[in-house]
Protein chains: 2
Amino acid sequence: MNITIAVDAMGGDHGCRVTIAAVLRFLQQHPAIHVILVGMPDAMSAELRRHKDVPTDRLSLEPATEVVGMDESPQSALKNKKQSSMRIAINMVKEGRAQACVSAGNTGALMATSRFVLKMLPGVDRPAIAKLMPNMQGNSVVLDLGANIDSEPLHLLQFGVMGAMLASALLNKPEPTVGLLNVGTEDIKGTATIKEAAALLRDSGLNFHGYVEGDDIFKGTTDVVVTDGFAGNISLKTSEGVAKMIAAALKESFNRNWLTKLLGLLALPALSSFRRRMDPRRYNGASLIGLRGTVVKSHGGADALAFRYALEQALLEVEHNVIAHISGKMAEFQPTASGDAAAREAS
Amino acid sequence: MNITIAVDAMGGDHGCRVTIAAVLRFLQQHPAIHVILVGMPDAMSAELRRHKDVPTDRLSLEPATEVVGMDESPQSALKNKKQSSMRIAINMVKEGRAQACVSAGNTGALMATSRFVLKMLPGVDRPAIAKLMPNMQGNSVVLDLGANIDSEPLHLLQFGVMGAMLASALLNKPEPTVGLLNVGTEDIKGTATIKEAAALLRDSGLNFHGYVEGDDIFKGTTDVVVTDGFAGNISLKTSEGVAKMIAAALKESFNRNWLTKLLGLLALPALSSFRRRMDPRRYNGASLIGLRGTVVKSHGGADALAFRYALEQALLEVEHNVIAHISGKMAEFQPTASGDAAAREAS
C-alpha cells in the first residue's frame, strides 16, 4: 500500500521547527511512506535547510498562505482560513492525495474543519476524540475526550464501536473488551443515559465488559473505555494533573539537600527507565474519529518526539484500515440504530 | 468546648481492630476529647484488652447488636439495621450525645441513614461528599464526589457554599477561592447546567474564580472545586488509578535487577519523604456535608493511621463549627435560592 500523510507543518506552539524535525525522523524509520508538508513555503524551506539527508523523493511541499491561530474560534477558522495549512492538509485527505492528516493546531478548528470537509461516516452521528492511555498492563483507548459534552445512549454506543475498531488497530487485539465509564460497577449505578447505553452496548455484538470506574482506565480492566466528552475530558485532565504533581513531588524529594541530590544522581538509571515509561510524549496523538478520513491531533506543545508519536498513530490507523472497519461495523448496526432513534423519538 | 466523637467501631473491612487502635492514638494526641465506641461489646472489650493505657475517663462503649454489611443496600440498612453500630453512632449525634460520627462502613448506607436520622440543613437540598485532595501548593476541597449523579445549577451553588465553609475550616482560609469543574476555562465551554451554575456562583458572594479543568485540582488553582457527583467520582477514581499506576511503575523500575534494587535502597531516604507526602492515608476521610450533624466517612480498607486522619477531619469540622457556618451562609441565600427554583419551575 502506498501511504501518504499530509502534515499541517505550521500547527502547534512551535510550528515547523518541531513538525519538520519529527517528519524527517519518521521518514527515516518508515522507508516506504510519503509525507506532504503543508505550510508557508519560505518557513518550510528555511527549516529544511537546517537538516541534511532530506529524502526529497518521499517528501513534498504544498504551499499555504494562512495559519489558523491557536485561540481562533472554529467558526472563524472555517470561514476565514480556507488557505490555511490546516485546511489544505485536510483537503488532501478529502481529495485522496493523502490517506491521513496530522496537525498540532487548534483542536476546535481541526474538528470543525475536518467534519465540514470530510463529513461523517455513514451511521455515525458525531465524531469523537480518542486517545491511547497507558495502564498497568499496556494501553487502552479512551473516548470521547471532549468533542461532545452531551451524549445520548446511541452516541455512546457509536463511540463503543469506533473505540473497538481503533483498539483493534492500535493494540492489535481482534476482539477488544469495551467498558462504559460509570460511578460504580453495580447495575443500579449511573444516570438513565448510562443505563440505556449499557443496554445498547450489551446487545451490540461488541465484547462488552460492563461498567468500569475511573481507576479501571489505569488498571487496564478493558481495552476500550467509553464515556461522554464531559467526563472523559475531566478524567484525561485529572490524570495529566496527578501525573505532573507526582513528578514534581518526586523531583522535589531528590532536590531537598546535597545528600538527596546525590542519591538522585545515583538512582538515575532506574529513574530514567521509569521516566521513559511514563513519558506523556509517548502517548501524544488523539484521533478525531467517526470521519470519512483519518485525522490525528497532536498536542499543541508537542516536541519533535511527541509529534512523531502522533505521526505513528496516523500511520497505524491507515495501515489497519480503521475507517473501513468502523464503516463495516456501523453498517451492521444502522437498522437497529435508526430503529432505536425512531423509537425514542416516538416515546 | 467539650467534644465527643461517636465512632462506628465495627465499620470497614477490618472492624474494631483498626478503629480502636486509631481511636486510642487519637485520644493520646487530643487530651481533651471524648470518644464513644459503638459496637459489639464482646468484640470491643477483647480488642481493648490488647492495648494498655486506655484512657477510661475519655472513652466509653455503647453496645450495638448489629453491623451493616459492606455490600448491604442503603434501603436494607435503613429498614433492618436499627440496632447497628452505624445507626446508633449517628443517633448519638442526633441526640447531642456526640458532636460528630465517624464510620468506615458502607458509604450508601451511611449517607442514607445520616440523611434519614439527622435531616438536611435548612436551604440545602442534597447532601454532598467532600474530600481534601492534595495539590502542588497544599490541599483543596473537592465536592461532590458521588452522592448525586445528576445535579442542577442550584445544587452546584449549594455545593459551592458548603465547600467554601468546609475549606475555611480544614484549610484555615477565611475566603477560599471556588472553581467550577468544566471542560475548558472559556465562557463558551460546558453544558447549560454548568453555565447556569457559574452565573449563580458569580452572584453568590463567594470568592468565585470561574471555571477550572481536571488538572487544576492538582495545580491548586482554587481552594474549592465544585462538580456534580458523576464527574467528581470519575475524577477522584481517575486520580487514585493514576497514582497507583505511577507508584507501581516506580517500584518496578527499582526492582528490575540487583543494581537498580541497590540504587533503590540508597535512594530510600528521598523516596520515603516522597512516599510520605503522597500517602493516600493522609487524605482519608470524606465529609458527608449538608446534614444537621457532622459525619465523616473513612475508606473501608483504612488502616489505623488512615482512620485517625478521618477522626482528625471530624474534629476539625466540629472545632471550626462548619455546620453553623453553612447554615449561616445558606440563610443568606435562601430567598434567592427558592426564588430561583420557583422561577425555574415557572419557566
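Each value in this text was obtained by applying a stated rule to the coordinates, not by laboratory testing. Everything quoted here is computed from the prediction, not taken from an experiment. In this analysis, Cβ positions are derived from the backbone assuming ideal geometry, glycine residues included, and neighbour counts consider all displayed protein chains.
Can you pull out every residue in region B:84-104 that is small (Gly, Ala, Ser) and in a strand (DSSP E or B)? Break it down into steps so the answer makes sense when it comes.
First, pick out the residues of region B:84-104 that are small (Gly, Ala, Ser): B:84-85, B:89, B:96, B:98, B:100, B:103-104.
Those that are small (Gly, Ala, Ser) and in a strand (DSSP E or B): B:SER84, B:ALA100, B:SER103.
Among the numbered criteria (1) within 7 Å of chain B (Cβ to nearest Cβ); (2) within 22 Å of A:ARG282 (Cα to Cα); (3) surrounded by fewer than 22 Cβ atoms within 10 Å (Cβ to Cβ), which single criterion is violated by A:ALA247?
(1)
Based on what the data block shows, is B:SER140 within 17 Å of the chain's Cα centre (by Cα), within 14 Å of chain A (Cβ to nearest Cβ) and of a type in the set (Ser, Thr, Tyr)?
The answer is yes for B:SER140.
Need the failing condition index for B:LYS237 against (1) more than 7 Å from every other protein chain (Cβ to nearest Cβ); (2) among the basic types (Lys, Arg); (3) in contact with a helix residue (DSSP H, G or I) (Cβ under 9 Å, 6 or more places away or on another chain), just the number.
Unmet condition: (1).
Tell me, yes or no, whether region A:271-285 has at least one residue that is away from every other protein chain (no Cβ under 14 Å) and surrounded by 21 or more Cβ atoms within 10 Å (Cβ to Cβ). Step through it out loud before you land on a result.
Taking region A:271-285 and keeping what is away from every other protein chain (no Cβ under 14 Å), we get A:281, A:284-285.
Then drop every residue that is not surrounded by 21 or more Cβ atoms within 10 Å (Cβ to Cβ), which leaves A:284-285.
Checked region A:271-285: at least one residue is away from every other protein chain (no Cβ under 14 Å) and surrounded by 21 or more Cβ atoms within 10 Å (Cβ to Cβ).
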